[in-house]
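The values are calculated or read from the model by the stated rules, or taken from the named source; none is laboratory data. What you are looking at is a predicted structure, and each value in this text was computed from that prediction instead of being measured. Cβ coordinates were reconstructed from backbone atoms using ideal geometry, including for glycine residues, and neighbour counts include every protein chain displayed. With ligands, DNA and RNA removed, areas are computed over all heavy atoms of the protein, side chains included. Shrake-Rupley method; radii C 1.70, N 1.55, O 1.52, S 1.80 Å.
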Amino acid sequence: MDIDLSQYMGMYVDGSRENLDLMDKFLLALEQDPSNLEAVGEIFRAAHTLKGMSATMGFEKVAHLTHEMENVLDQLRTHQAEVTSIIIDVLFETFDVLRILVNDSIEATDSNVDINAIIAKLSEAPKGKSAATRVEAKTIAPVEVKNAVPEVPDAGAAASQLALELADISMNEFEGQLLMEAHQRGSHIMLMVVSLVQDCLLKAPRAFMVARGLEELNCEIIKSVPDTKDIEEEKFDLSFKMVVLGDSDPEKVRYAIESISEIDSVKITALKPEDFQLNGGANVAPAPTPTPAPIAATPPAPAPAARPAAQPAAPARPAPAAAPARPAPAPAPAPAAAPARPAPVQAAAPAAPAAPPAPPRPPAPPAKPAEQAKNTAAAADKRSNQTVRVDMRRLDELMNLVGELVINRTRLADIGAAHKLKDLNETLTRVSQISSSLQNVVMQVRMVPIEQVFDRFPRMVRDLSKKLNKKINLVVEGKETEMDRTVIDEIGDPMVHLIRNAIDHGIEMPEDRVARGKSEVGTITLVARHEGNNVLIEVKDDGKGIDPTIISRLAIERGLFTPEQMAKMPPEEIIKIIFLPGFSTAKEVSDLSGRGVGMDAVKAKLEDLNGVLELESKVNEGSRVTIKLPLTLAILPALMVKVGQEMFAVPLGSVLETMDITRHDINIVQHQEVTLLRGDVLPIIRLRNVLNVPTTEDEQKAIDAKEEEISIVICASGEKRAGFMVDELLGQQEIVIKSLGNLLGGLPGIMGATMRGDGSIALILDIPSFFQKGQAIQS
């Protein structure tokens, strides 16, 4: 079986990152509550899965380091060592190295990371009494199990069990000759029964990984049941058998195969040539100088407990640690044929239909009730939460097709209305319902929780607070809020800049906070919530805030503004100077701040995402940055308006209401047209003038003569509001956003275009840009 592992690289990328995120999350939980053994178990499982995946793909450094990490975690969860700050720091350091190694593996670059130093730290972390206790437990375990399971009564049970397992395996003369030669030169003859986990989806690749692992151990597969072709075509259940020849120690072989992900159990039994039958019914002749099988001690249960003595790096699974308590179950004879875990062995030896009559199988020791219940619950949970990984390009293509469907649905509606086709309109009503449901489903498929972004910040806050000697508590709210995947992928970097800025510039040193009457522990709050067709993200801190006088002084010193300009600028506008390129309040450049690119990058990225950024701050009370982002960048509801002969789309998320006014309702205040809206002054923007819409003399005369029913669309951006004067309101419509490309991209006031049902193009207005400084709110 020659399978190209590169085809599974995508699965490795997703799986490794998922397990790294789990490890990061539960390491933080363990640091906050050292008695949380559940967190230790989750970290252990994530590390074990990552180890198996990496070993399968051939990334030996990752596999080796995760194995050493497992050893420490195993001591923690078996109470052989206590969770200390030293161990926590070493685990965090190991995690950082693992992330580097995994990224290097994904990018197919040779990693220069030396893992010997971190391995040494891992081995020295749990020192003292705990280490001695572990050694003592490992050496006593084989003695207890050996005394508990007599060898003599197991002989008959082992023979009958072996007869059942070999019933469907027969050797031809050539294979029999290979067995004889291997036996004469002292090689091991092993029957290996491999069982996969219940929910394994890719059985053939797992079998290939087993074969590849055996090849790396210089083992030769001379027989498999089912045969190779059936295994490649996945024509088998969840277990398969292999007859293996090799010089490697059976325990080393078993451990290597068990390290492969989605392998539930591996059973290895020592064999002799005479145990097999040739294809004529005659037994294979014994060797002239038979020697005792060197792995006769492998099948009994005590073998796993003895593994640490021969190979200290082996204990990766929890079963060996629990060996001393295993003699408790009453039916003890069966372990003679079960190497490690009794329950899976029963499933790993399927009886062949043509098997000769054999004595009844002795009962296997029952699995521990707690472990059995846990495994059953886990399997049920996996079945009820099945997911499929889909390439984002396919989802993008699906969204584009839905967009085309929306456009043509609108076209059909226009045709039906124009020609008064009653039958078409009735059918179109149902088609509209179906297409709307399809659109909603596609939108939901693309939605992912913002938790994927938020989960990276607790670790970042922890590391930076330690580095700066600050005490900071991160509060996260609304991380279940969902957004389009494309928005999620883009919002991560701006959020990192905002939180780093809050840590470095916002939160004060503990002694400064106490002097100001605050708690020495600063708080950064991260909040996400839905608001209409948008998502609002807030980053708040209770630090020193932004002082407008300091910003003003620095802006004048650096020649960005004149003193006269700063004197006319209100405080809420002064603090927004921090978003200008190259501006920073840091006194010196550090690896955290000082270059003036962080907040500028935030603003630029949000503008690319059609987002809105608002900043509020009070001196000595803290700051709050509010980000308003669209749920999706593909389809959005819009209000269609007409200005002259041109059609425009106003995103509905920016529209508050519409109203009609008369010419007498318009007043001039400081060269700006305004009107009153429920007692508040509302600026008026004439879209015809701002967008330079071509106007003929006749159209201008009609506009000047119009006294009544002047249409106004009231829009908002943050806390600012304005009324946009249009010629006609055409109604609400769902539009598909299309980019204007590099040639026309970046036009002020325009965020994109959409195709209407009749094939014409309507530009989509970028409402927030009309409120930005320098964008004229003019008459």
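Worth pointing out:
- Treating each Cα of region 465-556 as an identical point scatterer and summing with the Debye formula, the log10 of I(q)/I(0) at q = 0.15, 0.17, 0.19, 0.23 Å⁻¹ comes to -0.71, -0.85, -0.96, -1.14.
- Chain lengthening between residue 580 and residue 417 when straightened (0.36 nm per residue, less Cα-Cα): 53.6 nm
- Within region 392-445, all pairs of alpha-carbon atoms sorted by distance into 10 Å bins from zero give the percentages 24, 45, 23, 8, 0.
- Accessible area of region 1-123 belonging to carbon and sulfur atoms, whole % at 1.4 Å probe: 50
- Sulfur and carbon atoms: percent of accessible area, region 478-518 [1.4 Å]: 41
- Ranked order, 686, 45 - accessible area, probe 1.4 Å, largest first: 45, 686
- Cut-off under 5 Å, modelled amide H: who pairs with residue 264 long-range: 195, 196, 197
- Förster radius 41 Å - calculated FRET efficiency between residue 521 and residue 565 (Cβ-Cβ, nearest 0.05): 0.55
- Label-to-label distance, nm, for residues given as residue 652 and residue 509 (7 Å Cα→Cβ offset): 5.4
- Here the mean projected area of the convex hull built on the C-alpha positions of region 593-731 is 12.2 nm².
- Note on residue 681 and residue 96: the extension gain reaches 205.0 nm, defined as 0.36 nm multiplied by sequence separation minus the Cα-Cα distance.
- Potential lengthening of the chain between residue 529 and residue 202 amounts to 113.9 nm, from the contour at 0.36 nm per residue minus the alpha-carbon distance.
- Per-residue SASA remark: residue 255, around 40 Å² accessible (1.4 Å probe; ligands, DNA and RNA not included).
- Across the accessible surface of region 635-753, with the other protein chains kept in place and a 1.4 Å probe, carbon and sulfur atoms take up 50 percent.
- Counting DSSP beta bridges with both ends in region 427-551, the antiparallel % (nearest 5): 65
- Residues residue 18 and residue 116, FRET efficiency given R0 of 22 Å [Cβ-Cβ distance, rounded to 0.05]: 0.20
- Residue 391 versus residue 729: modelled label distance in nm, points set 7 Å from Cα along the beta carbon direction: 4.6
- Taking label positions 7 Å along the Cα-Cβ direction at both residue 667 and residue 456, the computed distance is 5.1 nm, reported to one decimal.
- Largest to smallest in accessible area, the residues 410, 84 fall in the order 84, 410 (1.4 Å probe, all protein chains included).
- Solvent-accessible area per residue for region 634-760 (1.4 angstrom probe, square angstrom): 53
- Computed over protein heavy atoms with a 1.4 Å probe, the accessible surface of region 452-505 works out to 43 Å² per residue.
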